[in-house]
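The values are calculated or read from the model by the stated rules, or taken from the named source; none is laboratory data. Keep in mind that this is a model prediction, so the values were computed, not measured. Cβ sites come from the backbone with ideal geometry, for glycine too, and all protein chains shown count toward neighbours.
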Amino acid sequence: MSEPAVIEITDLRRQFLLGSEVVEALRGVSLRIERGEYVAIVGPSGSGKSTLMNILGCLDTPTSGRYLLDGEEVQEKDDDQLAEIRNRKIGFVFQSFNLLPRATAVENVGLPLLYSGLNRSARREAAMAALKRVGLGERTGHRPDQLSGGQRQRVAIARALVNQPVLLFADEPTGNLDQRTGAEIVSLFEELHHDGVTVVLVTHDGKLAERTNRRIEIVDGQIAVDVRQLHAGHYSLLPLGLRSHTKVANIVREEMDAIGGQEFIHPALHPAAIWQQSGRWETMGQEMFRLVDRKGNDLALGMTHEEVFTIISKELESYKQLPQIWYQVQTKFRDEPRPKAGLLRVREFDMKDSYSFDIDEVGLDVSFQKHHDAYVRIFARLGLPAFPVVASSGAMGGGSSLEFMVPSPAGEDDVAMCPNCDYRANIERATSALPDVAPKDGPDELEKFATPGIVTIAALAKFEGGAGAIHQIKTLVMVLDGEVTLVCLRGDHQLNLQKLQDATGAIDIRPAEEAETVAALGAKPGSLGAVNVSGLTIIADEALRGRFHMTTGANEDGWHWRGVSVERDLAVDRWADLREVTKGEPCINCGAKLDIVKCIEVGHIFKLGTKYSDSLGATVLDADGVLKPLIMGCYGIGVGRNLAAVLETHHDEKGMILPVTIAPYEAVITVVKVNDEESMRVANELYETLRSEGFDVILDDRDERPGVKFADAELIGIPFRITLGPKGLANGMAEFTPRATRESVDVALGEVAQHTMELVREGRKLGR
């Protein structure tokens, strides 16, 4: 017989009296958490998250419903019985640590064992083992005031584990910790999970929730989202999600076919040789999943298919066979270091990647525009307010590229946008019209001055005889493909790493270690500069061009230069746009103040040129009989990512509001009383009518309360609900409710089918 689930709750409800009003904090929550799961419970304030936490932790009991903890019914236990269960089966970790200040670490950890029947020696041994498990074996005799915040939280975790509970319950465990320490505690939870501990986190921290294997979101007393991943970055699509995913893919296929695309399907497993030939075996780095077969051959799981399609294109012989547009919808693999945000950033995903082949740049421009227009139509049909922005081509290479962006707080990309004109660019490519800076009064020649203890831009700005950030040169020591390189920017500007990579073509970029910095310049960070430096490559940001009367480090600890003329005193090897644009800077086109907007990237189109055809030998004969390399374009859309973008932009407090085009069902027929023969007869007739006309409809004939059915339909986001009940039927009416407005109207039974079909057809057309 299999072990029971750690947590199993069914139709859990919790009501509170607020004056004379009954407030329903939990509304029919059903949930099962298996042994060994790593779960995050999230939700806004007032969602019912805290109420659910208290019930799961046996700190409260439900008004109704069933709760089994490790197979034991607990919903009707009294306070003493709940306390006993908590002591045996649940370990608690809180935001505030809750440690006894005068007790040592080992004494704090041993507290839950006082009523275990173990003698003092056994309790101490168990506490020591728990502390060792969390990495504090050397801190057992320390009091809380002798420990850091992270170490105190580790003590709290050890205390929660000492009884070997079936469930570790953590409430905002990183809330009182700094980012670095919080990350250490998160890593510890992950280690405990890998050791088989069932961990449930209750948190407002979205980044923390993303690192778990399952995220449960509570909204308005119900489970709004329950996302499960097989492991980090790998998700299973359940039936409803798969229906929507398939619809997104089909829309993409239809629009690709409309521009003359031909669908292929290629292997996901690629030989290393073709990637080595293109030069990307090295440049893709750790994001590529690599493996070796039994014969010792190097292979990779395809993260994209430029090489494969280029190899196939070698079957083309003449310009007369061009242009060509080839595409596939296929699973890709990328070893993302930090998968997050559900389907927005994963390690395994379905993507439509298409490739155009032309004889010249004019043909590429035509193919590129066809894809641009097709993408506009795709996003319109998905109901996404996407717009193109100038973007970096990154590891894809080639010439120019455009990304299609959707504004959303869940986005990972920052886009510089002008409110006055059409200027839009990914922050990796954005620029602005910086105002001229009046030079600072100072010496015309280099002058060295002492700056004891001054090691930051801000400190030098306040130092007597120093200079404001705008008059300083910031010198960063970077290592580009193993070569120590100096990168110089204005003191008030930040380096954009992608711009540096695009400017240099470097594959591996990292800040230099302190020892590398000292070896190269003779000083520690804080007193660094590029004045009179030779033997090192110096790359300077364009904002420094022509600047004088500047201040920078003298490569001697505690000393700086003033009177620096950039082009006189720095042997700049390369000028480039390296800085990151910030909000409020003037637009390069019209001068209006730029805004920086969080966006989700939903598509990316590239002009590759001959990057791959040159390296892989893909040529055709032109009109003069001369062999010419194929001119290529590449165009990608993530199917799951677009579905996720729709969910992020189409929801309310009740759940999803999906466009007709991709909703799992276009309409739902909800029967109020399934034991009413007339209701079921009418419902079945309406269902068959709509199905026979090609409409995607579902019949909700579950023996549930109407409120439960309505809530489920709203949660799923089905665009239209037709409600049939004895009272309405007696009057010859059905209730019709659009999900977007939730405003119900009565429609005559004889007209409800036609009414539904007309609205669905309109939604199909408009993508809403």
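What the table shows:
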read-out	value
Candidate set from segment 101-135 (those that are assigned to a loop (DSSP other than H, G, I, E, B) and not aliphatic (A, V, I, L, M)); member that is nearest to I185 (Cα to Cα)	G135
Residue satisfying condition, being closer than 19 Å to L208 by Cβ and surrounded by 22 or more Cβ atoms within 10 Å (Cβ to Cβ), within set A156, A183	A156
Some residue of segment 532-539 being among the hydroxyl-bearing types (S, T, Y), assigned to a strand (DSSP E or B) and surrounded by fewer than 19 Cβ atoms within 10 Å (Cβ to Cβ)	yes
Odd one out for L52 among (1) outside any strand (DSSP E or B); (2) surrounded by fewer than 20 Cβ atoms within 10 Å (Cβ to Cβ)	(2)
Meets criteria (assigned to a helix (DSSP H, G or I) and within 29 Å of the chain's Cα centre (by Cα)) for V308	yes
Positions within segment 333-345 being at pLDDT 75 or above and in a loop (DSSP other than H, G, I, E, B), in sequence order	R334, D335, E336
The listed residue being modelled with pLDDT under 85 and farther than 26 Å from R334 by Cα, out of A232, A224	A224
Residue in segment 346-359 that is surrounded by fewer than 21 Cβ atoms within 10 Å (Cβ to Cβ), among the polar types (S, T, N, Q) and modelled with pLDDT of 95 or more present	no
Some residue of segment 519-532 being among the basic types (K, R) and within 32 Å of the chain's Cα centre (by Cα)	no
Residue within segment 710-718 that is assigned by TED's automatic domain parsing to the domain that holds A663, more than 19 Å from I662 (Cα to Cα) and within 34 Å of the chain's Cα centre (by Cα) present	yes
In segment 194-218, residue modelled with the lowest pLDDT [restricted to those that are of a type outside the set (D, E), under 17 Å from L230 (Cα atoms) and surrounded by fewer than 19 Cβ atoms within 10 Å (Cβ to Cβ)]	H194
Output for segment 722-745, where each listed residue is in a strand (DSSP E or B) and closer than 16 Å to K673 by Cα	I722, T723, L724, M733, A734, E735
Those residues of segment 701-721 which are surrounded by 22 or more Cβ atoms within 10 Å (Cβ to Cβ) and in a helix (DSSP H, G or I), in sequence order	A713, E714
Whichever residue in segment 136-149 is in contact (Cβ under 8 Å) with a residue 40 or more places away in the chain and not in a helix (DSSP H, G or I) and, among such residues, is nearest to E172 (Cα to Cα)	L147
Residues satisfying the stated conditions in segment 283-295, i.e. surrounded by 12 or more Cβ atoms within 10 Å (Cβ to Cβ) and acidic (D, E)	E287
Failed item, numbered, when D60 is tested on (1) part of a helix (DSSP H, G or I); (2) without any contact (Cβ under 8 Å) to a residue 60 or more places away in the chain	(1)
A503 vs. criteria part of a helix (DSSP H, G or I) and among the small types (G, A, S)	yes
Members of segment 552-585 that are among the charged types (D, E, K, R), within 42 Å of the chain's Cα centre (by Cα) and not in a strand (DSSP E or B)	D557, D573, D577, E580, K583, E585
Whichever residue in segment 589-643 is free of Cβ contacts under 8 Å to residues at least 12 places away in the same chain and assigned to a loop (DSSP other than H, G, I, E, B) and, among such residues, is nearest to the chain's Cα centre (by Cα)	V626
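Residues checked against (1) touching a Lys or Arg at 6+ places or on another chain (Cβ under 7 Å); (2) farther than 26 Å from K654 by Cβ:
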position: R152; (1), (2): no, yes
position: L167; (1), (2): yes, yes
position: Q179; (1), (2): no, yes
position: A209; (1), (2): yes, no
position: G221; (1), (2): yes, no
position: G233; (1), (2): yes, yes
position: S236; (1), (2): yes, no
